[in-house]
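Asks: Starting off with a structure, shown below.
The values are calculated or read from the model by the stated rules, or taken from the named source; none is laboratory data. Quick caveat: nothing in here was measured; it's all calculated off a predicted structure. Note that we place each Cβ from the backbone using ideal geometry, even for glycine, and neighbour counts take in every protein chain shown.
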Amino acid sequence: MSEVIEAPSSLSAPTQIVIDAINESIEHYKREAEMIVAAYWQWVEESNKQLRASKAIGENLKKRTAYMGPRVEYRPSGRYTKLIPNWVFYPYSEKRMNSPKNFKNGERIKPGANKEYALSKLLKTSVGWDGRKIIETEKMLMPIREKLEALHEAKVSLERRETRIQRIANKYEESGNGE
């Protein structure tokens, strides 16, 4: 004899199963985006280190180090939060380099109205020599961003439908008891 396991919330069991699958997919894409972001920042750190070393011996004096890149963050969206890979510019300053709080914040580069980044906008914020890597990274992050957006919309829609069904069922229950 098998036990019936009830959903932990007011959602029906099938809906909860779908939402759990959506959450698993979100976690998968989060890990994938974090690996892409980590690889980008590792490349930036190595490139900046090489640039500083060449500047120390008098080469590449006009080249600037890169301080722009992606990060994966949770952002509020109504009463929910959603995961978004964003591009952030960290302006160089001694204060920023010595303060973990300022390093973490940065200035988020806002996507366009259609929730995608214009490559020209990303390249305008870059220092020039990092442009190719920015484009490569954005090409990898864009599909993940779109999939995360679709998963978030599906999750919100399912939860709203379930809430609506519960509200209507309760209304029918109340009107049925009144007779």
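Asks: Got a number for residues in the stretch 104-124 being loosely packed, with under 15 Cβ neighbours inside 10 Å and in contact (Cβ under 8 Å) with a residue 24 or more places away in the chain?
Replies: 2
Asks: Quick test of your reading of the structure: Thr81 fulfils all but one of (1) of a type in the set (Ser, Thr, Tyr); (2) more than 22 Å from Lys133 (Cα to Cα); (3) modelled with pLDDT under 75. Name the failing condition by number.
Replies: Status for Thr81: all satisfied but (3).
Asks: Which condition number does Ile26 fail, the rest of (1) under 19 Å from the mean Cα position of the chain (by Cα); (2) under 30 Å from Arg164 (Cβ atoms); (3) β-branched (Val, Ile, Thr); (4) at pLDDT below 90 being met?
Replies: Only one criterion in (1) under 19 Å from the mean Cα position of the chain (by Cα); (2) under 30 Å from Arg164 (Cβ atoms); (3) β-branched (Val, Ile, Thr); (4) at pLDDT below 90 is unmet by Ile26, namely (4).
Asks: Also, quick follow-up: I'd like the residue in the stretch 109-122 that is modelled with pLDDT of 85 or more and within 15 Å of the chain's Cα centre (by Cα) and, out of all such residues, is nearest to Glu136 (Cα to Cα).
Replies: So the residue we want is Tyr117.
Asks: Can I ask one more? Spot the failing condition for Val127; the list is (1) part of a helix (DSSP H, G or I); (2) under 25 Å from Glu45 (Cβ atoms); (3) in contact (Cβ under 8 Å) with a residue 40 or more places away in the chain, and only one is missed.
Replies: For Val127, the exception is condition (1).
Asks: Could you give me the residue pairs with C-beta distances under 7 Å whose first residue belongs to the stretch 42-57 and is within 11 Å of Trp129 (Cβ to Cβ) and without any contact (Cβ under 8 Å) to a residue 40 or more places away in the chain, whose second residue is of a type in the set (S, T, N, Q) and surrounded by 12 or more Cβ atoms within 10 Å (Cβ to Cβ) wherever it lies, and which are 6+ apart or on separate chains?
Replies: Filtered contacts from the stretch 42-57: Asn48/Thr65; Leu51/Asn60; Leu51/Thr65.
Asks: Would you mind stating whether Glu173 is in a helix (DSSP H, G or I), of a type in the set (Asp, Glu) and either surrounded by fewer than 17 Cβ atoms within 10 Å (Cβ to Cβ) or free of Cβ contacts under 8 Å to residues at least 12 places away in the same chain (or both)?
Replies: So Glu173 passes the test.
Asks: Taking into account only those residues within the stretch 58-78 that are modelled with pLDDT of 80 or more and not in a strand (DSSP E or B), which is nearest to Ile36 (Cα to Cα)?
Replies: This residue is Tyr67.
Asks: Among the numbered conditions (1) assigned to a helix (DSSP H, G or I); (2) over 15 Å from the mean Cα position of the chain (by Cα), tell me where Glu138 comes up short.
Replies: Glu138 satisfies every listed condition except (2).
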